[in-house]
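Coordinate-derived values only; no laboratory data. Everything quoted here is computed from the prediction, not taken from an experiment. With ideal geometry, Cβ positions are generated from the backbone for all residues, glycine too; neighbour counts draw on all protein chains shown.
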Amino acid sequence: MIKTQGLTRRFGDFTAVREVSFELQEGQTLALIGPSGCGKTTTLKMLNRLITPSAGNVWVNGQDISQQPVVQLRRQMGYVIQDMGLFPHYTVAENIAVVPRLLGWEVSKIKARTGALLEQLGLDTGAFAQKYPNELSGGQQQRVGIARALAANPPIVLMDEPFGALDPLTRQQIRRDFMELEELRSKTTIMVTHDIEEAFEMGSLVCLLNRGEVQQLAPPETLLQSPANEFVADFVAEKAAQLELRSAKLRDIFSELPEAPPLPGNALPLSPTLPLLRAIYRLAKARGKHPLGSTTYQGQQRYFTLPLLIEAFKNNLQSWAN
Amino acid sequence: MGELITFFSDNQEKVMEQVLEHIGLTFISLLLAAVIAIPAGIFITRRPRLSGGVLAFTGILQTIPSIALLGFLIPILGIGLKPAIFALFLYALLPILRNTYTGISEVDAAVKEAALGIGLSKGQLLRQVELPLALPVIFAGLRTATVINVGVATLAAYIGAGGLGEFIFGGIALNNATMILAGALPAALLAIIFDQLLALLQNTNARKLSKAGKPLLLIIPLLSSAYFWPQAYAPGWSAGFPPEFMGRPDGYQKVVDTYGVDFTTTILNNALMYKAVYESEVDVISGYATDGRVEAFRLRQLEDDRHAFPPYYCAPIVQKKLAEENKKLTETLNLLAGRINDSVMTVLNHRVDFDKISPEQVARDFLKAEGLWRADQKQGGETLIIGSKIFTEQYILVELFSQLINGYTDYDVDTRPGLGGTKICFDALRNGEIDLYPEYTGTGLQVLLNPPQDTLERIITQPDAVYQYVSREFEAQYGLKWLAPLGFNNTYALMMREAQAESMDIKSISDLIRQQ
C-alpha cells in the first residue's frame, strides 16, 4: 500500500532523518515514535511532500509519489495535525467539505458525507454543522479536524500528534472513539506520537526513531519482548507494565474461553489480535445489541460475555504477581 | 458659525465641486495604491528577504514632507491632477503594504500547514485561506490610507488639482477664518465619515467582508470618478487663479460681476500659474501687470475695457508724523515720483526673476541710469525700517527706497522685505514696527478701507480720484501718509498666451467673453 526506501532528509549539515524504510499493508497502522527531534514528524511530512526528501523514495500503490502532482497526491491522503488548523472563517460543515469541494463533488453528496461523518464522530449535525471552530471545545475541534481529513475518503491518513493538544481525559475518549471508527478500520494510517502508550494502543506496527534513525520497526509486543537494542529496551522499560497490559490480546486468553455460547443472543465477532482492553470496551459499547462476543483463532471459535472477559483480564493481571 | 453658513450657501456650487474633487483625489490615489500595494504585500510574504527593504523604502516615502514631495514632482509630472494623485498614491502605499504583509504573515501557521496538507494549491491557499483571514487587517490599512489621503489631499490645491485645500489656502492668503473653516470642516467630516464607514466594514466578520468586497470594488472607482463630475458640465474658459484673487472682492468676483463671464477656475499657487498657462494647462490667468513673467512666458495682457479692476498705482506709505518731521525723507522718496512706468517696472521684475540678478543690484543699476545714485552717507544715524510684501516687485522697491535714503539722508536703513500679505504690512506700519512700505492705491481702497458702494463706483475708474481718496482717508483714519506715486499701475490683469490671443483676435476681456 505505502512503502518507503532509504528516506533521508538533511537540513544543512544536520541529518534529521536517515535511511528510513518501511512497508505498510492496507488497514495497518504505523506509529512513529521517539524523543523530541528524532525525525518522526519530518518522516511523516515526506510522505505527503510537505517536506521534500534529500534522498530515498516513497511509493503509494507502487507509484513513486515524486512523479505525481503534489496537490492530487495530498487529496488522496487525509492529514490531521496537533494544532488542528481548522479554517477559522469556515463553519464546521464547510471545513469538512473543503477537499470534496476541491474535488468537485456535487453539493448533495458533500452534504450527505458531512452529515454522516459528524454523526460517526459523535457530533450532532444540527447543533454543530453551522458553528465556527472558535465556538467548539478542543476535543470537538479535533473531531472536526479528523472529519475533514476523512471527508474525501482517502485510502491513507497521516496524523501528526493528532491528540497532542488535548487534555488527558478528552484524549483518552477521542482516541477510543477514533479507533472504533468504521471509516478508519480499512485505512492505512501513519501517525506520529510521543506517547508510547498511544503508539502501543493504536499501532499495528511501531517504529521507534532516535536521532533520525530507526531503532526498531515491529509489532508493539515485539518491542517489549525482544527489544532490538538498549535504546529500545530503555524506552519501553518505564512503562512496560502499562504497555504489556495494552498489548495483551484476545488470543492470549483464548484457551480460557468457553467453546459454547454461555447464553443465547447475537454474538459480536471480534478479531483474536484485538487487545483485550479494546475488546472489553467494544463489547461494553455494543451491550444493547450483542449480549456476548465471539472470536475465531486457528479454526476454532470461542464465546465470551463481558463479565467473563473482565475476569480473564483480572487473571492476566494476577499472573504478573506470580 | 452664522458666517460659515452664509459662506456655504453663497458658495454652494463651489463647495460641492471641491468636496467631489476631494473625494475623487482621495479615492483615485487609494485605488492605485491598493492595486499596487496589495499584490506587493502578498509578494513580500513569499519573499521574506525582500520584505525589510520594501517596507523600509515605503516608510521613507512616508516621511517626505508633503509640500516638498509636490515640489519634486512638478518638473516630472507638471501641475494638476497627475502630481497630486502620484503624491497621494505614495502616501497611501505604506499603510496598505504593511497591513497586507502583516495580515498575511499573521495567519496561523497551523492553518496554512493544514490547508497545504489536505491538498490546497498555493493559489487556493491564498484566495481561500490567507486573504479572507487577512482581510480585516488589510482593511485597517485601507482605512488608515484613506484618512491620510483625505488630509494630504488638501495640498492638491497648491498644484492646481483642486479639492478643499482651495478654501483652506485661499482663507490663509486672505486671512479669512470663515473660508479656512469652509475647507477644513468638510475635509475633517470626510475623514471621519470614511473612517467610520470603513470601520463598520472592518468589524464585520471576514465572510461578510468578502461579500462586501465586491460592491466595494465598484464603489471605489465610482468615488474616484467624483473628481471628474464637476468638470463634466463646467462651462467657459479654463482659468488658473491664485487663492487671493479668488477671494478678494476686487478679484475674480469683480470680473464676474462686471463682464458676466463664467470661467472654469483652477486654484493655482501664485508661482505656478504662469507656467501653467504657458504649458496650456489653463488658458487664462490673473497676473500682475508689471510681472516679469508676462514677458518671459510670452503672455498677452487683456485690456480691462470695462474697468473691473481698480487702479493699483504704487506709492510708499509712511507714518504721518515721521513724514512731517522729516521733510528730507519725504523729498528723497519723492525723487522717484513718476519715474517708473509699467514697462520699466516689468523690465526690473524680469531682471530679478529671469536674469537672476539680485534686487539690490537691479535697484542700483536703475538709480545710476536715472542719475539718482549716491554713495552711502555717514553711518550711525537713526534707524529707519522699510518693510515689504512677499513678491519680487516689492523686494526691488525696498532696495530702491533703501539706497536712496542711505545716499541722501543720515538714516541707517534696516530692510524687512517679504513680511507677508497686505494685512501684515499694514498692521506692522500702524504699530510702528516698520516705518514705511510700498502700497498700491487699489489695495488701500478695497482691502484696507472698503468704502461704501456708491463712493466706490464713483471713483473706481479714475486713478487720480482713487489716489486722492486713499490719501485723505488714510490720514484721517490711520494717521498714515501716502507719498507721491512712482508711476506704474500694477493692476490685476487677465492674461493668455500671446499666440492663442493672436489667433483668436482677443485684445480685451470683452473679446474674451465674445469668444466663449
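So, in nm, how far is label B:GLU13 from label A:GLU119 when the simple model puts each one 7 Å beyond its Cα toward the Cβ?
About 7.3 nm, to one decimal.
Go ahead and run the numbers for FRET between A:ASN134 and B:GLN62, Cβ-Cβ distance against an R0 of 35 Å, rounding to 0.05. Each step should come with its number before you reach the end.
Working: r = 35 Å, r/R0 = 1.01.
Approximately 0.50, to the nearest 0.05.
Using θ = phi - 60° and the Karplus curve 6.51 cos²θ - 1.76 cosθ + 1.60, what whole-Hz ³J(HN,Hα) does each residue of segment A:2-7 get, with Gly and Pro shown as x?
Couplings: 9, 9, 10, 9, x, 5 Hz.
Cα extents of segment A:1-120 along the three principal axes, largest first, in whole Å?
The Cα atoms of segment A:1-120 stretch 49, 31, 25 Å along the principal axes, largest first.
Do the alpha carbons of any pairs in A:LYS111/A:LYS131; B:LYS368/B:LYS481; A:LYS40/A:LYS239 sit beyond 25 Å of each other, and which pairs? Each step should come with its number before you reach the end.
Numbers: A:LYS111/A:LYS131 15 Å; B:LYS368/B:LYS481 28 Å; A:LYS40/A:LYS239 20 Å.
Violating the 25 Å limit, Cα to Cα: B:LYS368/B:LYS481.
Of the cross-linked pairs A:LYS45/A:LYS314; A:LYS45/A:LYS285; A:LYS109/B:LYS112, which ones have a Cα-Cα span greater than 32 Å in the structure shown?
A:LYS45/A:LYS314; A:LYS45/A:LYS285
By a straight-distance test (C-alpha under 22 Å), which lysines pair with B:LYS254 as possible cross-link partners, with residues fewer than eight away in the same chain excluded?
Straight-line reach from B:LYS254, under 22 Å: B:LYS14, B:LYS423, B:LYS507.
Taking K and R as +1 and D and E as -1, what net charge do the other residues with C-beta under 12 Å from the C-beta of A:PRO133 add up to?
-1
Counting other beta carbons within 10 Å of each residue's own, what order do B:THR383, B:THR455, B:THR146 fall into, fewest first?
Details: B:THR383 10, B:THR455 14, B:THR146 25.
Lowest count first: B:THR383, B:THR455, B:THR146.
So what's the projected area for segment A:187-317, the Cα convex hull averaged over all directions, in nm²?
That works out to 9.1 nm², a quarter of the Cα hull's surface.
Using modelled amide H (1.01 Å from N, peptide plane; none on Pro or chain starts), what sits under 5 Å from the amide H of A:GLU213, excluding residues fewer than 5 places away?
A:ARG18
Given H placed 1.01 Å from N in the peptide plane, which residues other than close sequence neighbours of A:ILE81 have an amide H under 5 Å from its amide H?
Excluding prolines and chain starts, which carry no amide H, the hits are A:ASP160.
Working only with C-alpha atoms, what are the Rg and Dmax values of chain B, expressed in angstrom?
Rg then Dmax for chain B, in Å: 28.6, 100.
Counting other beta carbons within 10 Å of each Cβ, put A:SER66, B:SER280, A:SER36, B:SER286 in order, fewest first. Don't skip to the answer; put the middle values down first.
On the way: A:SER66 14, B:SER280 10, A:SER36 7, B:SER286 24.
Least crowded to most crowded, the residues run A:SER36, B:SER280, A:SER66, B:SER286.
Roughly what % antiparallel, to the nearest 5, for the DSSP beta bridges in the protein assembly as shown?
Restricted to the protein assembly as shown, the bridges split so that about 55 percent are antiparallel.
Starting from the amide H of B:TYR312, placed 1.01 Å from N in the peptide plane, find each other amide H under 5 Å away whose residue is 5 or more places distant or on another chain.
B:GLY442, B:ASN490, B:THR491
Return B:TYR312, B:TYR274 ranked ascending by Cβ neighbour count within 10 Å, so the fewest neighbours appear first.
Least crowded to most crowded, the residues run B:TYR274, B:TYR312.
Share of Cα-Cα pairs in the protein assembly as shown beyond 38 Å, in percent?
Tail of P(r) above 38 Å: 62 percent of Cα pairs.
At each listed q (0.10, 0.14, 0.16, 0.17 Å⁻¹), what is the log10 of I(q)/I(0) that the Debye formula gives for segment A:2-247 modelled as equal alpha-carbon point scatterers?
-0.48, -0.93, -1.18, -1.30
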